[in-house]
Amino acid sequence: IYAWVTIPDTDISYAVLQREGDEEYYSKHSENGAYYSGGSIFSQSYNRKDFSDPMTVLYGHNLRNGRMFAQLNDFSDAEVFEAHRYIYVYLPDRMLVYEIFAAYPHSNEHLLLCHDFTDPQQFADYFASLGEAINANYRRDLFPQAGDRVLTLSTCYRQNRMQRFLLQGVLTETYDVVK
């Protein structure tokens, strides 16, 4: 466990894990390492654990009982999208605040392997290419620019399990822990 992610007024409030050398380990294991088909919320080693990458992706299952990242799909509803503006990430030394700017179905491509978000042009091109997908919501005035840091929460799309549903926020505030 290296972080905690939460979206106020939802059931999304979970530890974030990463296992070096086994990118999918926490898709089928709980935070204590026991086998659990529901898995945990996790990132892969393509991302640093300090959320300093241009794009950080956290994965979680869309469980039938509504747990893990199942509620991300609810953000396809305009009222839910408008009612929830922020994602908070807690690290041992600081809190990160991301303002939500997009919620949309996406292909099952691996974002970090298919796009080089460290390249300013590819970063800009990706966000410029976001269209008016069905069941999508955007706050275009918040679309990130090269140099911004984006957090993507990813789960299976409720309407098509072969797709992903993404909720994205741009880093707007960082608060250091007072010691």
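So, R0 is 22 Å and r is the distance between the beta-carbons of ASP9 and GLU173; what FRET efficiency does that work out to, to 0.05?
Details: r = 19 Å, r/R0 = 0.84.
E(calc), rounded to 0.05, equals 0.75.
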- Contour excess over end-to-end distance, with Cα ends at ARG67 and TYR36 and 0.36 nm allotted per residue: 9.9 nm
- Query: Ordered by packing density, taken as the mean number of other Cβ atoms within 10 Å over each peptide's residues, highest first, how do 122-129, 70-77, 54-61 rank?
  - Reply: 54-61, 70-77, 122-129
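Once the piece of chain linking ALA78 and GLN145 is laid out straight, how much longer is it, given 0.36 nm per residue of separation minus the C-alpha distance between them?
Numbers: separation 67, 0.36 × 67 = 24.12 nm, distance 2.39 nm.
Full-extension gain reported as 21.7 nm.
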- Note on the structure: The set of residues whose placed amide H lies less than 5 Å from the amide H of TYR157, leaving out same-chain residues fewer than 5 positions away, is GLN163, ARG164, PHE165
- Note on the structure: Karplus-derived 3J(HN,Hα) from phi for region 68-81 (6.51 cos²θ - 1.76 cosθ + 1.60, θ = phi - 60°), whole Hz, x at Gly and Pro, runs 6, 9, 4, 5, 4, 4, 5, 6, 6, 7, 4, 5, 5, 4
- Item | Shape category assigned to region 130-179 from the gyration tensor of Cα positions, a/c cut at 1.5 | oblate
- Based on a Kirkwood Rh over C-alpha pairs, give the Stokes-Einstein translational diffusion coefficient of the chain at 25 °C and viscosity 0.890 mPa s in µm²/s. 150
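Report, please, the projected area of region 92-179 averaged over directions, based on the convex hull of its C-alpha atoms, in nm².
Working: hull surface 26.8 nm².
So the mean shadow area of the Cα hull is 6.7 nm².
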- Average projected area of the Cα convex hull of region 1-94, in nm²? 6.6
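Laboratory data are not the source of any read-out in this text; all were calculated from the coordinates shown. Here the structure is a predicted model, which is why all the values come from computation and not from measurement. Cβ atoms come from the backbone with ideal geometry, glycine included; neighbour counts cover every protein chain shown.
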